[in-house]
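**Q** Take this structure, written in structure tokens, and hold onto it; I'll ask about it next.
The values are calculated or read from the model by the stated rules, or taken from the named source; none is laboratory data. Remember, predicted model here, so these are calculated numbers, not experimental data. Note that we place each Cβ from the backbone using ideal geometry, even for glycine, and neighbour counts take in every protein chain shown.
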There are 2 protein chains.
Amino acid sequence: MERYFTYTEKSPLLKRTLDLMAKVKDIESASSMLSWDQETYMPPGAVEARSHQITALEVIQHQFMTSTEAHDIAEKISTRIPNGDPNETSMFRLFMRRYNRDVKLPQSFIEDFSNAKTVAIESWKHARKESRFYHFEKDLGRLLELKIQEAEYLGYSDNRYDALLDQYEPGMTVAKLQPMFDHLKTKTLELFKKVDIYKDKVTDGFMKQKFHSEGQIKFVKIISEKMAFDLYYGRMDESVHPFTVAFSPKDVRITTRVNDKDIRTCIYASIHELGHGLYEQGIDYSLYRTFANDGASFGMHESQSLLWENMITRSREFFVWSLPILQSIYPGMLSDIYPTDIYKAVNVVRPSFIRLEADELTYNLHIILRFEIENMLLNGQLKVKEIPDYWNVKMREFLGIYPPNDTMGALQDIHWSHGGFGYFPTYTLGKMYGAMIWETMHKEISNLGELISKGNLSPLRHWLGEKIHRYGSLLTPQELIKNITGSELNEQPFLNYIETKLKDIYFN
Amino acid sequence: MERYFTYTEKSPLLKRTLDLMAKVKDIESASSMLSWDQETYMPPGAVEARSHQITALEVIQHQFMTSTEAHDIAEKISTRIPNGDPNETSMFRLFMRRYNRDVKLPQSFIEDFSNAKTVAIESWKHARKESRFYHFEKDLGRLLELKIQEAEYLGYSDNRYDALLDQYEPGMTVAKLQPMFDHLKTKTLELFKKVDIYKDKVTDGFMKQKFHSEGQIKFVKIISEKMAFDLYYGRMDESVHPFTVAFSPKDVRITTRVNDKDIRTCIYASIHELGHGLYEQGIDYSLYRTFANDGASFGMHESQSLLWENMITRSREFFVWSLPILQSIYPGMLSDIYPTDIYKAVNVVRPSFIRLEADELTYNLHIILRFEIENMLLNGQLKVKEIPDYWNVKMREFLGIYPPNDTMGALQDIHWSHGGFGYFPTYTLGKMYGAMIWETMHKEISNLGELISKGNLSPLRHWLGEKIHRYGSLLTPQELIKNITGSELNEQPFLNYIETKLKDIYFN
């Protein structure tokens, strides 16, 4: 890989900044490694020790970022005369962003939060097993308390929730998010009602045959090769909750899961994570061990997984290429099926209790529900114990279905057990970024559909790499989306995209 | 598991000591985790980043142990009035042992050594591939230089090599080792000549049939269950070089390897590592996150693997129980074989170029060769580039075989590429400890042979757990072997053991 990003001059201050970043990133990578192991291969009895180890590494990162060296660097950055080098400017911006956060948090908070998280994850698992939100209530309450404390430490000008949102999506606020989400909600509910009328137009029973698991993995490996995910610098494993983690652009790991009741699970979980994985592998190696070795934001990261999962591989063209492969892996099982049939089946719109099983249209309603709950929790407008009822009522309002128990409702996601308030909105932001980028790809890659229909996916990866991946977080998400599309983040391209697709499938 | 070890009083000094130990151990465990991953699942392209991460964690441990807090604790320990509590005394001894080592080494040395190691591992791999020691020479020379520097930093009274030996086997010196090794060498060469006369008495061709790998793993899993290795608190994986690592008594991981040319490889590599694994799982949990959460010494650790690998499972009794299992896993492949046949086949004595494939008798000659070379290197009596010739000449002198190339000779072991001078002798020390303990087990467990012949192995594990494992490194190896056997470490029990076995197999 080429080294794109250099500096006009490596001043002593820049050198010190990069040295400290390298120290922090090495520890951060070690910590991520421990988390990866916890989700994949760690023996069940090792939870307590692992939590000690991860907390230790988090505390050390915090100590580095609040050391006298860090203070001195921060002061010099704040009072320097900028030399106009954009890479240096970005690096200093990224340093100050993390420094400003870390100095506001006392070490005791880092430890308290890390410990509260360990406890809450266990009680969430227990509550899920019993399907009783009640068992999770106390520990979730403690996490909420700590997150409120964190928001107060960090500060905000308008809404307390902004302090948390900003950590996942730099610059994002409730004031910016609310109107976009409101518009999305209104339009989604309209479209959803319309689909309901034509719902018999799509059948997808043939996706629920008993497809053997070796075949699922084989199919996914073929796709990953076409996407040019590099296994010399990465891995694919299985885990209960698929995820992606990177310890450097040369060590990127994704996980997937096989489902012998529905082949769509494995295909799209894998492609989703591969999309994240390509982003991480595509970050320019000159950014390794700097704070720019990261996605521009969680929303932007999500856009990369969703582009692959939804726009590219839930297209009719994709099945022109891939259906024959599936048919050869599973002789006789899909012999009467045409690309159009499977294209429709992977795009079926149907209300679901579970976010992860939701279709492209109703998915955003799941996110908006969580966003509303989090915003209310953070601002004292909803109590933790009221979550399940609120959740269930809103599910009926949005989707016309009422969760039969808490596991199918408010206990389904792992995020809150990690204290991850502010994370959920990035999924829908990812859809919005993704649709904007997809629109631009269509303009700039003239034979896009043809490429996909031949399984020739590497030009797409290349385009995304050039436009997005290589920069890591050197550019802000605002700069990035403006550079690519010429526009500010907005929900209209997604609404256009989904309406076109639904017309094609349901209203034609 | 019960918590055996408590203290008369948890003084503020003891509390501070334990707190610092916990911090160091968490980082040490994280670092071990990264090494485990490197040997099992890490993508090949990730070497550079992994080396950065491990170095970072090593530096942090060193910083903790040389912090003002560590200095202050060390000073208070040195000037305290002992309260007679043996556990407190041990804990302070262990703290001082590590402190005294770490303060003598500058941080630059830790970094230099860590970097030199990364480079040397790669050039060792390259040299092995080309089978040219020459490619490894320069980097091995650099490691030797650093190890000499380390010995000088640490200090020694007699032989420079003692400073390195002591790190693996506390209290061990060349002066103590040499006479035992000399005696072992003389007797081994005598026995080896005698075996040569009767070598046709044993046939082992039937162990080299094509045993499918699932069966090998299945057989080993059955043994591991009988040995009571706990998979709730551990794992078994495959790797090129089998090893054991523990991140706490509740997370102990062994690896093994399958060999479809000889079933003995997998069986005994697994049992060897399981022996190490049982030691780690058996350390009392009250010692978790202290410096006593470790083996008493590398030699003592090795004794536990060798007891299981050689004494217990290379016995005739073991095959009374296990041969029928093997026969049922591989129908028809071992139908004419009796327990005595397989007992002989797994004990066949035959000169081998490769240490790891050596039998119980000639194995020690491989170790003595390495010990002699290391001792000469450290004391300037042999140059790095002279190693291959010296090695080959000695192999002919000891075993009558001359390595055809460097990969079969001086490049075969990974140890030197890690700078692990002083490690090899612990293998033979393990045999000596092991035979002493085996003698005592025979006295104290009256129905030992009967238990083994029924596959009832857990009483053996229990005995070892009570006598050895639970203590971790709370007792020194000298205290431990004296407590168990009433004697000081010596080579005679091993010589008795091996002579008896060879009589049974070859000279009867």
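**Q** If I go through the stretch A:1-46 residue by residue, how many of them are more than 28 Å from A:ARG101 (Cβ to Cβ), within 13 Å of another protein chain (Cβ to nearest Cβ) and not aromatic (Phe, Trp, Tyr)?
**A** 7
**Q** Another question, then. Identify all residues within the stretch B:227-237 that are touching a residue at least 24 places away in the same chain (Cβ under 8 Å) and within 14 Å of chain A (Cβ to nearest Cβ); write none if there are none.
**A** Result: B:PHE229, B:ASP230, B:TYR233, B:GLY234, B:MET236, B:ASP237.
**Q** Could I ask something else about it? With respect to the numbered conditions (1) touching a residue at least 40 places away in the same chain (Cβ under 8 Å); (2) closer than 20 Å to B:PHE424 by Cα, which one is the sole condition not fulfilled by B:ILE283?
**A** Failed condition: (2).
**Q** Within the stretch A:190-204, can you find the residues that are part of a helix (DSSP H, G or I) and in contact (Cβ under 8 Å) with a residue 40 or more places away in the chain?
**A** A:LEU191, A:PHE192, A:LYS194, A:VAL195, A:LYS199, A:LYS201
**Q** Now for a different question. State all residues of the stretch A:273-285 that are over 21 Å from A:GLU309 (Cα atoms) and either touching a helix residue (DSSP H, G or I) at 6+ places or on another chain (Cβ under 7 Å) or more than 14 Å from chain B (Cβ to nearest Cβ) (or both); if no residue qualifies, say none.
**A** A:ASP284 - this is the single residue of the stretch A:273-285 that is over 21 Å from A:GLU309 (Cα atoms) and either touching a helix residue (DSSP H, G or I) at 6+ places or on another chain (Cβ under 7 Å) or more than 14 Å from chain B (Cβ to nearest Cβ) (or both).
**Q** Something else: Being part of a loop (DSSP other than H, G, I, E, B) and within 14 Å of another protein chain (Cβ to nearest Cβ) is the filter; apply it to the stretch B:238-259 and report the residue that is nearest to B:ILE342 (Cα to Cα).
**A** Narrowing the stretch B:238-259 to residues part of a loop (DSSP other than H, G, I, E, B): B:239-243, B:249-250, B:257-259.
After this cut, where a residue has to be within 14 Å of another protein chain (Cβ to nearest Cβ) as well, the list is B:239, B:249-250.
Details: B:SER239: 26, B:PRO249: 34, B:LYS250: 35 Å.
Here the residue is B:SER239.
**Q** Additional query: Being away from chain A (no Cβ under 13 Å), over 17 Å from the mean Cα position of the chain (by Cα) and buried (at least 22 other Cβ atoms within 10 Å of the Cβ) is true for just one of B:SER224, B:SER270, B:SER213. Which residue is that?
**A** The conditions single out B:SER224.
**Q** When the stretch B:439-458 is examined, which residues are found to be hydrophobic (A, V, I, L, M, F, W, C) and closer than 12 Å to B:ILE312 by Cα?
**A** B:MET441, B:LEU448, B:LEU451, B:ILE452, B:LEU457
**Q** So which residues in the stretch B:65-74 are assigned to a helix (DSSP H, G or I) and buried (at least 17 other Cβ atoms within 10 Å of the Cβ)?
**A** B:MET65, B:ALA70, B:ILE73, B:ALA74
**Q** Out of (1) in contact (Cβ under 8 Å) with a residue 12 or more places away in the chain; (2) buried (at least 18 other Cβ atoms within 10 Å of the Cβ); (3) not hydroxyl-bearing (Ser, Thr, Tyr), the odd one out for A:ALA46 is which?
**A** Every condition holds for A:ALA46 apart from (1).
**Q** For the subset of the stretch B:238-277 comprising residues that are among the basic types (Lys, Arg) and without any contact (Cβ under 8 Å) to a residue 40 or more places away in the chain, which member is farthest from B:ARG461 (Cα to Cα)?
**A** First, pick out the residues of the stretch B:238-277 that are among the basic types (Lys, Arg): B:250, B:253, B:257, B:261, B:264.
Next, from what is left, pick out any that are without any contact (Cβ under 8 Å) to a residue 40 or more places away in the chain: B:250, B:257.
On the way: B:LYS250: 17, B:ARG257: 23 Å.
Among them, the one singled out is B:ARG257.
**Q** For A:PHE192, only one of the following conditions fails: (1) under 30 Å from A:ILE121 (Cα atoms); (2) of a type in the set (Phe, Trp, Tyr); (3) away from every other protein chain (no Cβ under 14 Å). What is its number?
**A** Status for A:PHE192: all satisfied but (1).
**Q** So how many residues does the stretch B:346-374 have that are outside any loop (DSSP other than H, G, I, E, B) and surrounded by fewer than 17 Cβ atoms within 10 Å (Cβ to Cβ)?
**A** As a first pass, look at the stretch B:346-374 and keep what is outside any loop (DSSP other than H, G, I, E, B): B:355-357, B:363-374.
Filter once more, so that each one left must be surrounded by fewer than 17 Cβ atoms within 10 Å (Cβ to Cβ): B:356-357.
Qualifying residue count for the region: 2.
**Q** Taking the stretch A:242-262, which residues are surrounded by fewer than 19 Cβ atoms within 10 Å (Cβ to Cβ) and more than 23 Å from A:GLU360 (Cβ to Cβ)?
**A** Selection gives A:ASP260 alone.
**Q** Looking at the structure I just gave you, is A:ALA56 within 9 Å of chain B (Cβ to nearest Cβ), in contact with a Phe, Trp or Tyr (Cβ under 8 Å, 6 or more places away or on another chain), crowded, with 19+ Cβ neighbours inside 10 Å and over 17 Å from A:HIS418 (Cβ atoms)?
**A** no
**Q** Given the options A:ILE197, A:ILE148, name the one that is of a type in the set (A, V, I, L, M, F, W, C) and modelled with pLDDT of 95 or more.
**A** Unique residue meeting the criteria: A:ILE148.
**Q** Return the residues of the stretch A:260-310 that are polar (S, T, N, Q), in a loop (DSSP other than H, G, I, E, B) and more than 22 Å from A:ILE484 (Cα to Cα); say none if nothing qualifies.
**A** Matches in the stretch A:260-310: A:THR290 only.
**Q** Filter the stretch B:167-184 down to the residues that are buried (at least 18 other Cβ atoms within 10 Å of the Cβ) and out of contact with any Gly (no Cβ under 8 Å at 6 or more places or on another chain) and list them by number.
**A** If the condition is that a residue be buried (at least 18 other Cβ atoms within 10 Å of the Cβ) and out of contact with any Gly (no Cβ under 8 Å at 6 or more places or on another chain), then B:PRO170, B:VAL174, B:LEU177, B:MET180, B:PHE181, B:LEU184 are the ones that fit.
Results for (1) touching a helix residue (DSSP H, G or I) at 6+ places or on another chain (Cβ under 7 Å); (2) over 21 Å from B:GLN38 (Cα atoms), shown as yes or no for each residue.
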residue	(1), (2)
A:PHE5	yes, yes
A:MET42	yes, no
A:GLU69	yes, yes
A:SER78	no, yes
A:GLY84	no, yes
A:PHE92	yes, yes
A:ARG97	no, yes
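**Q** Something else about it: Name every residue in the stretch A:492-503 that is surrounded by 14 or more Cβ atoms within 10 Å (Cβ to Cβ) and either not acidic (Asp, Glu) or not assigned by TED's automatic domain parsing to the domain that holds A:MET436 (or both), in order of residue number.
**A** Within the stretch A:492-503, A:GLN492, A:PRO493, A:PHE494, A:LEU495, A:TYR497, A:ILE498, A:LYS501, A:LEU502 meet the criteria.
**Q** Enumerate the pairs (first residue in the stretch B:7-22 and more than 19 Å from B:ASP294 (Cβ to Cβ) and modelled with pLDDT under 95; second residue anywhere and among the small types (Gly, Ala, Ser) and buried (at least 16 other Cβ atoms within 10 Å of the Cβ)) with beta-carbon separation below 9 Å, excluding pairs fewer than 6 apart on the same chain, so at least 6 apart or on different chains.
**A** none
**Q** Does B:ILE325 satisfy being in a helix (DSSP H, G or I) and either crowded, with 17+ Cβ neighbours inside 10 Å or polar (S, T, N, Q) (or both)?
**A** No; evaluated as a whole, the condition is false for this residue.
**Q** Against the conditions (1) over 25 Å from A:VAL320 (Cα atoms); (2) in contact (Cβ under 8 Å) with a residue 12 or more places away in the chain, where does A:ASP182 fall short? Just the number, please.
**A** Unmet for A:ASP182, out of (1) over 25 Å from A:VAL320 (Cα atoms); (2) in contact (Cβ under 8 Å) with a residue 12 or more places away in the chain: (2).
**Q** Test B:ILE77 against the stated conditions and say whether it is modelled with pLDDT of 95 or more, assigned to a helix (DSSP H, G or I) and within 14 Å of another protein chain (Cβ to nearest Cβ).
**A** When the stated conditions are applied, B:ILE77 does not pass them.
**Q** Can you confirm whether the stretch B:410-429 contains a residue that is in contact (Cβ under 8 Å) with a residue 40 or more places away in the chain, touching a His at 6+ places or on another chain (Cβ under 7 Å) and either among the hydroxyl-bearing types (Ser, Thr, Tyr) or not in a loop (DSSP other than H, G, I, E, B) (or both)?
**A** The answer is yes, given that some residue of the stretch B:410-429 is in contact (Cβ under 8 Å) with a residue 40 or more places away in the chain, touching a His at 6+ places or on another chain (Cβ under 7 Å) and either among the hydroxyl-bearing types (Ser, Thr, Tyr) or not in a loop (DSSP other than H, G, I, E, B) (or both).
**Q** Can I ask one more? Within the stretch B:451-508, track down each residue that is within 30 Å of B:LEU323 (Cβ to Cβ) and touching a His at 6+ places or on another chain (Cβ under 9 Å).
**A** If the condition is that a residue be within 30 Å of B:LEU323 (Cβ to Cβ) and touching a His at 6+ places or on another chain (Cβ under 9 Å), then B:ARG461, B:LEU495 are the ones that fit.
**Q** A:THR265: within 30 Å of A:LEU94 (Cα to Cα) and either assigned by TED's automatic domain parsing to the domain that holds A:GLY430 or surrounded by fewer than 19 Cβ atoms within 10 Å (Cβ to Cβ) (or both), yes or no?
**A** So A:THR265 fails the test.
**Q** May I pose another question? Does B:GLN178 meet the test of being outside the structural domain of B:ASN364 (by TED's automatic domain parsing) and within 28 Å of B:GLU302 (Cα to Cα)?
**A** Considered against the rule, which asks whether it is outside the structural domain of B:ASN364 (by TED's automatic domain parsing) and within 28 Å of B:GLU302 (Cα to Cα), B:GLN178 comes out as no.
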